[in-house]
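The values are calculated or read from the model by the stated rules, or taken from the named source; none is laboratory data. Please read all numbers here as calculations on a predicted model, not as lab measurements. Counting neighbours? That spans all protein chains shown, and the Cβs are built from the backbone with ideal geometry, glycine included. The accessibility values were calculated without ligands, DNA or RNA, using every heavy atom of the protein model including side chains. Shrake-Rupley method; radii C 1.70, N 1.55, O 1.52, S 1.80 Å.
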Amino acid sequence: MRIETFTLGPLQTNAYLISVKEPSAADDGQPQERAIVIDPGMNPKRLLERLEGVKVEAILLTHAHFDHMGGVDEVRKAAGCPVYIHDLEADWLTDPRKNGSMRWQDVTPPLSTDAAEYALEEGQTLKLLGHAFRVMHTPGHSPGSVSFLCGSHLFSGDVLFRLSVGRTDLPGGRERDLYDSIRTKLYKLSPDIIVYPGHGGRTTIGYEMANNPYTRA
């Protein structure tokens, strides 16, 4: 399994491309590449170029703020794949007031996309690319924020960052929920788990438990 990061849009949002290659049934013998995309942000041209010839199984959204869902339409139309999001933010995709794009018009025009095909919920396991992706509902930054755990890899959206945490002053944010999500869910994972956040560089659960100034008891 290969993980690639594409930092997209004016807010430098991390979109993740997770891919595998398998033998092809075609006569040319070339391996077929399959992938999923997590959080296709705004201005996804570089991501779309990388996806040429790749079979995309799904778009997974950690949450529906505009900088994380801004490229959903382009990627979904190019790849013909379904979108997954937590039900608490299902209508954010279609409503620029809820996804924040109406509020930040100095950064982006109002954004909306078609509804997601599938809903996510706590404890759900998605079978994608031959791997299991566990859905963890981690609210606080937004009510429907989720994190995805696949083996030793955690995609945390805007919940946990390297030496920081997600903001809670946006509509639907709640500081108490954010810290509960981190301390009672994410910090229960193995310290060796690699964290891939929605912004900035990767980290590990153990490093954040020991060093993150926002989550120390």
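Please report the net charge: other residues with Cβ closer than 10 Å to the Cβ of ARG162, K and R +1, D and E -1. Display every interim value, and only then the final one.
Details: positive: ARG202; negative: GLU208.
Net of charged neighbours comes to 0.
Local charge sum around GLU89 (other residues, Cβ-Cβ under 11 Å, Lys/Arg +1, Asp/Glu -1)? Show your work: numbers first, answer last.
Details: positive: LYS98; negative: ASP87, ASP91, ASP95.
Once positives and negatives cancel, what remains is -2.
Across the chain, how many lysine pairs, 8 or more apart or on two chains, come within less than 30 Å at their alpha-carbon atoms?
So the count of such lysine pairs works out to 16.
Pairs of alpha-carbon atoms within less than 8 angstrom and 6+ residues apart define the contacts here; what relative contact order does the chain have, in percent?
Result for the chain is 14 percent.
Give the carbon-plus-sulfur fraction of the accessible surface of the chain in %, rounded to a whole number; probe 1.4 Å, heavy atoms of protein chains only.
Carbon and sulfur atoms account for 48 percent of the accessible area of the chain.
Please report, in cubic angstrom per residue, the volume enclosed by the convex hull of the alpha-carbon atoms of segment 17-79.
Taking the convex hull of the Cα positions in segment 17-79, it is 73 Å³ per residue.
For every other residue with a beta carbon closer than 15 angstrom to the beta carbon of TRP104, add +1 if it is Lys or Arg and -1 if Asp or Glu, then tell me the sum.
Local charge sum for TRP104: -1.
In Å², what does the accessible area per residue of segment 1-85 work out to with a 1.4 Å probe? Before the final figure, lay out each step's value.
Working: 3560 Å² over 85 residues.
Ligands and nucleic acids excluded, the result is 42 Å² per residue.
Which value, to two decimals, describes the C-alpha radius of gyration of the chain once divided by 2.2 N^0.38 Å?
Working: Rg = 16.8 Å, N = 217, 2.2 N^0.38 = 17.0 Å.
Working it through for the chain, the quotient is 0.99.
How far is it, in nm, from the label point at GLN105 to the one at LEU163 when both lie 7 Å from their Cα along the line to the Cβ?
3.8 nm
Need one number: nm distance between label points at ASP91 and LEU48, each 7 Å from Cα along Cα→Cβ, rounded to one decimal.
Distance between the two pseudo-spin positions: 3.0 nm.
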